[in-house]
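So the structure is just underneath, and the comments pick up after that.
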Amino acid sequence: MSDPIPGSAAPQATPPQFYTPQPNGRVRPTSPHLQIWRWHVTMLGSILHRITGAGLVGGLVLVALWLGALAFGAEAYDTFVALAGSPLGLIAWFALSLAAFYHLASGIRHLIWDTGAGLSPKGASTLTTATLVFALVATLAFWAWLFSAGKVTL
């Protein structure tokens with residue numbers, strides 16, 4: 001006698017891997033998780049879009065602190081500028097600009113997907129890879145310009 005098909009109401013001694021018995025006796029697939037899914041670039045793109053969105057909220061806090069320092073006078077503003085221009089501050093601004101460029105490109109990628117274009121697995125992977133490359137190149141170009149124009153120094 002063969003085992004019943006997963007999802008049927010017939011009792012089963014041991015459910016197959018990645019299947020879970022339900023209270024009604026049926027065996028249903030377990031919800032997919034990272035152990036089951038094969039990693040691909042669109043997963044990375046989705047996760048990074050969420051992370052950079054949250055990171056941009058942190059950038060909004062930095063801008064609010066800058067405006068607050070500006071409102072509190074020259075001494076507070078000089079302190080903020082000294083902290084923002086320190087190596088740790090420059091790393092934070094670099095990360096913020098990388099998040100902004102990535103989130104911008106990822107938003108454009110989503111707009112492209114909203115038109116129905118680029119939804120095939122290969123097209124989605126290509127657009128996501130292009131998004132990652134654009135964010136890195138744009139960030140490096142932006143910071144190269146800041147350093148070459150003398151706007152930022154170490």
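Only a single item in (1) over 16 Å from Leu48 (Cα atoms); (2) open to solvent by 50 Å² or more (accessible area, probe 1.4 Å) is not met by Gly85, and it is number (2).
Can you spot a residue in the stretch 133-153 that is open to solvent by 50 Å² or more (accessible area, probe 1.4 Å), in contact with a Ser or Thr (Cβ under 7 Å, 6 or more places away or on another chain) and not acidic (Asp, Glu)? Yes, the stretch 133-153 has at least one match. Within the stretch 102-116, the set of residues being open to solvent by less than 80 Å² (accessible area, probe 1.4 Å) and part of a helix (DSSP H, G or I) comprises Tyr102, His103, Ala105, Ser106, Gly107, Arg109, His110, Ile112, Trp113.
The values are calculated or read from the model by the stated rules, or taken from the named source; none is laboratory data. Source: prediction; values computed, not measured. For neighbour counting, all protein chains shown are included, and Cβ atoms are generated from backbone atoms with ideal geometry for every residue, glycine included. These area figures cover heavy atoms from the full protein model, side chains too; ligands, DNA and RNA do not enter into them. Shrake-Rupley method; radii C 1.70, N 1.55, O 1.52, S 1.80 Å.
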